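**Student:** One structure, pasted below without further comment.
The values are calculated or read from the model by the stated rules, or taken from the named source; none is laboratory data. No experiment lies behind these values; they were computed from the predicted model shown. Note that each Cβ is placed from the backbone with ideal geometry, even for glycine, and that neighbours are counted across all protein chains shown.
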Amino acid sequence: MKRRAFILVAAVALSACGLRPLYGGGSGSPVATTLRSVEVAPIEGQVGWLVHNRLKERLGDPRGAAPIYRLEVELDDNITGFGIRGDRAVTRERRTLRARYRLVDLSGGGVVLDATAGSDAGIDVVSSEYATVAAEQTAVERLSEVLADQIVARLGLFAARTAPAR
């Protein structure tokens with residue numbers, strides 16, 4: 001009984017705090033519509049290709065509409081060795097992927113959002129070079145997903161703040 005009362009009180013308190021879902025309204029919401037209106041500029045390199053594809057997947061299909069914004073992304077991909085043994089062999093690596101991104105309003109050419117995102121992953125260096133390269137590739141695939149999620153979340157917040165009130 002106490003648990004039900006607590007849940008009821010918590011639900012009432014949360015509804016009064018002003019929180020609302022970012023994607024409230026589903027695919028027709030102002031946020032989802034704004035995200036679909038973003039074109040992603042090409043990003044250099046293999047890692048750029050991965051991030052570009054992840055961003056396009058998360059932003060959604062523009063459904064034939066002309067883009068309103070262009071997302072420009074610059075990546076910094078770095079692998080650093082640490083965990084060095086006595087014979088100076090690296091036993092662990094850190095792969096860091098950072099992005100500086102800008103959202104450009106295509107109607108005026110002005111930058112409406114300028115931000116950064118980043119993540120890193122640890123990689124064990126083993127005696128098999130193939131296994132180490134495979135681990136590095138898996139790490140960059142995961143990092144590209146994390147980076148895309150961070151960028152789209154920030155774009156969603158931008159869209160929620162600039163969307164017209166209903």
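**Student:** When Pro42 is evaluated against the numbered criteria (1) modelled with pLDDT under 95; (2) surrounded by fewer than 16 Cβ atoms within 10 Å (Cβ to Cβ); (3) not in a strand (DSSP E or B); (4) not aliphatic (A, V, I, L, M), which criterion, by number, is the only one it fails?
**Tutor:** (1)
**Student:** Please go through the range 137-166 and pick out each residue that is among the charged types (D, E, K, R) and modelled with pLDDT under 90.
**Tutor:** First pass over the range 137-166, keeping only residues among the charged types (D, E, K, R): 141-142, 145, 149, 154, 161, 166.
Scanning the range 137-166 gives Arg161, Arg166.
**Student:** Taking the conditions exactly as written (part of a helix (DSSP H, G or I), surrounded by fewer than 16 Cβ atoms within 10 Å (Cβ to Cβ) and in contact (Cβ under 8 Å) with a residue 12 or more places away in the chain), does Leu55 satisfy them or not?
**Tutor:** In short, no.
**Student:** Assess whether Leu71 counts as being modelled with pLDDT of 90 or more, of a type in the set (A, V, I, L, M) and within 13 Å of the chain's Cα centre (by Cα).
**Tutor:** Answer is yes for this residue.
**Student:** Here is a further query. Of the residues that make up the range 80-96, is at least one within 24 Å of Gln46 (Cβ to Cβ), crowded, with 17+ Cβ neighbours inside 10 Å and either hydrophobic (A, V, I, L, M, F, W, C) or touching a residue at least 60 places away in the same chain (Cβ under 8 Å) (or both)?
**Tutor:** No, every residue in the range 80-96 fails to be within 24 Å of Gln46 (Cβ to Cβ), crowded, with 17+ Cβ neighbours inside 10 Å and either hydrophobic (A, V, I, L, M, F, W, C) or touching a residue at least 60 places away in the same chain (Cβ under 8 Å) (or both).
**Student:** Take the residues of the range 111-133 that are surrounded by fewer than 14 Cβ atoms within 10 Å (Cβ to Cβ) and small (Gly, Ala, Ser): which is modelled with the lowest pLDDT?
**Tutor:** Among them, the one singled out is Ser127.
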